[in-house]
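Have a look at the structure below before the remarks.
The values are calculated or read from the model by the stated rules, or taken from the named source; none is laboratory data. Only a predicted model underlies this, so the values are computations on that prediction, with no experimental measurement involved. Reconstructed Cβ throughout: ideal geometry from the backbone, glycine too, with neighbour counts over all protein chains shown. Accessible surface is based on the protein model in full, side chains and every heavy atom, while ligands, DNA and RNA are left aside. Shrake-Rupley method; radii C 1.70, N 1.55, O 1.52, S 1.80 Å.
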Amino acid sequence: MEFKAEITEIKTFVDNSVSLQPHTRIFKMKIPEDIKFEFKSGQFIMLAMEDFPLRGNPKMLKWSSYSVASSQLEKSYLEFSIRLLETPGFTNHLKEKAHIGSKINIKGPFGVFTVKPDAKRLMYVCTGTGVAPLLSHIRTLLFSGSTIPISLFFGFKNPDVFIFREELEELAKKYNNFKLEPTITDQGRGDWQGRNQIFHDFFPTYPFEGREETDVYICGNPKMVEDIKTMLPAIGFNHENIHIEPW
């Protein structure tokens, strides 16, 4: 399916330890009322703007893929968390040109990074904006009344770029079956009282429950994805239950 959506909300995160340049933005885009758009949590969408054509062919749009962060239960809007880049490309164009009221071309959905219908226990591992498809999973499961155990191991640089922080912390308080495990990599942040380690530091000794029956979904930095995919079977997780989505 292909249609146009309007940006209705933008939230910007700035990494104050580096510069005042925007690091990540969360975009909400309104689905037109006459469009019946459906997707499965974990899928991605192709985005394009009319003023950003394909290089070498100005008559065609340049389409770029982004995972959806909103729940599949939500029918009125789509939400995306996008790491802003300085290098030329569509993401940089979004940073410079997209604003509330901008029209965005939507095409999709695509992908199969979806929850197994017979999952008994879910573990999510991500870094940065890799949280997007996993948050879509989590929102859909919790909001639909699922009671299976869900844990989210979320790694990011520092508290400035802890995207969806308020919502995730609230979900962890509200739902007994959802456990949030955030961790940062910056050292010496006095404004952070949580874990300050990469996943490799603590996964080998972490008291995971039900390893053999847990489905693991990993998304984010490609090296992290491959490293964790390799590590998990060595500490008791079933290889066939590990699902990956590198950036």
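All other residues with a Cβ under 15 Å from the Cβ of Pro32 taken together, and with Lys, Arg as +1 and Asp, Glu as -1, what is their net charge? So the environment of Pro32 carries a net charge of +1.
Using a Förster distance of 51 angstrom, determine the FRET efficiency expected from the C-beta separation of Glu213 and Gln21, and round it to 0.05. Computed FRET efficiency for Glu213 and Gln21 comes out at 0.70. Built from the Cα atoms of the chain, the convex hull projects on average onto 14.2 nm², one quarter of its surface area. Using only Cα atoms and rounding to the nearest 10 degrees, what angle (0 to 90) does helix 222-234 make with the longest principal axis of the chain? The two axes meet at around 30 degrees. Helix 131-143 and the longest principal axis of the C-alpha atoms of the chain enclose an angle of approximately 70°. Here the stretch 145-241 has an Rg and Dmax of 14.1, 40 Å, counting Cα atoms alone. The fraction of accessible area contributed by carbon and sulfur in the chain is 52 percent, rounded to a whole number (1.4 Å probe; ligands and nucleic acids excluded).
In this calculation the C-beta distance from Asp51 to Lys30 is compared with R0 = 25 Å, giving a FRET efficiency of 0.80.
Report the antiparallel proportion of the DSSP beta bridges in the chain as a percent, rounded to a multiple of 5. Around 55 percent antiparallel, to the nearest 5.
Note on Ile10 and Met231: with the Förster distance fixed at 35 Å, the Cβ-Cβ geometry gives a FRET efficiency of about 0.45.
Simple spin-label estimate for Lys75 and Phe202 gives 4.1 nm between the two label positions (7 Å along the Cα-to-Cβ direction from each Cα). For the stretch 87-226, the Kirkwood radius over C-alpha pairs fed into Stokes-Einstein at 25 °C and 0.890 mPa s yields D = 145 µm² per second. The helix-only estimate of mean residue ellipticity at 222 nm for the chain, built from DSSP H runs of length n ≥ 4 each weighted as -39500 (n - 2.57), is -5500 deg cm²/dmol after division by the residue total.
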